[in-house]
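Have a look at the structure below, then the notes.
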Amino acid sequence: MDSRFGLSVGSLFAVIGNKYIIDSSLPESTSFTLVDTLHGLTLFSIFIIITATAYSLLLVKRNELKKAKRFDMMAAQIVLVLYVTLNLYFIWQATT
């Protein structure tokens, strides 16, 4: 369970590093671009995952293993569906 925190924190650094690399290779823009939107969505999703992991860990420490497992599965499915759907929506909006 604790390794999920490490993975989430590592992914935060990866997203921020990716943003700096992408920003340096794209021309300057004063408006909020698709790349900015997708990076923001990714950061928000990672923070949601960290929060869900903390709650799940709390349930495990309270010895509510069944509830923790159910919460993990629900949270994973909800975050995945929302993340993919919002990515597709923002990309679709940018191309139309």
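The loop-placed trypsin sites (Lys or Arg not before Pro) in the chain, going by DSSP, that have at most 11 neighbouring Cβ atoms within 10 Å of their Cβ come out as ARG62.
Per DSSP H run of n ≥ 4, the term is -39500 (n - 2.57); total these for the chain, divide by its residue number, and report the mean residue ellipticity at 222 nm rounded to 500 deg cm²/dmol.
The helix contribution divided over the chain gives -31000 deg cm²/dmol.
The stretch between TYR55 and LEU86 holds 8.7 nm of extra length on full extension. This uses 0.36 nm per residue minus the Cα-Cα distance. When the Cα positions of ASN18, PHE32, ASN63 are compared along the charge dipole of the chain, ASN63 comes out farthest toward the positive end, with charges on each C-beta of Lys, Arg, Asp and Glu.
As an exercise, use a Förster radius of 30 Å and the Cβ-Cβ distance of ASN18 and THR95 to find the FRET efficiency, rounded to the nearest 0.05.
Step by step, r from the Cβ atoms, then E = 0.90.
If the chain linking PHE47 and GLU64 were pulled fully straight, counting 0.36 nm for each residue of separation and taking away their Cα-Cα distance, it would gain 3.8 nm. For percent of Cα pairs over 22 Å apart, the value calculated from this model appears in (1) 17; (2) 41; (3) 22 under label (2). For the listed peptides 24-37, 5-18, a ranking on the average number of other beta carbons within 10 Å per residue, highest first, reads 5-18, 24-37.
Throughout, read-outs are computed from the coordinates displayed, never taken from laboratory work. Everything quoted here is computed from the prediction, not taken from an experiment. We place every Cβ from the backbone using ideal geometry, glycine too, and count neighbours over all the protein chains shown.
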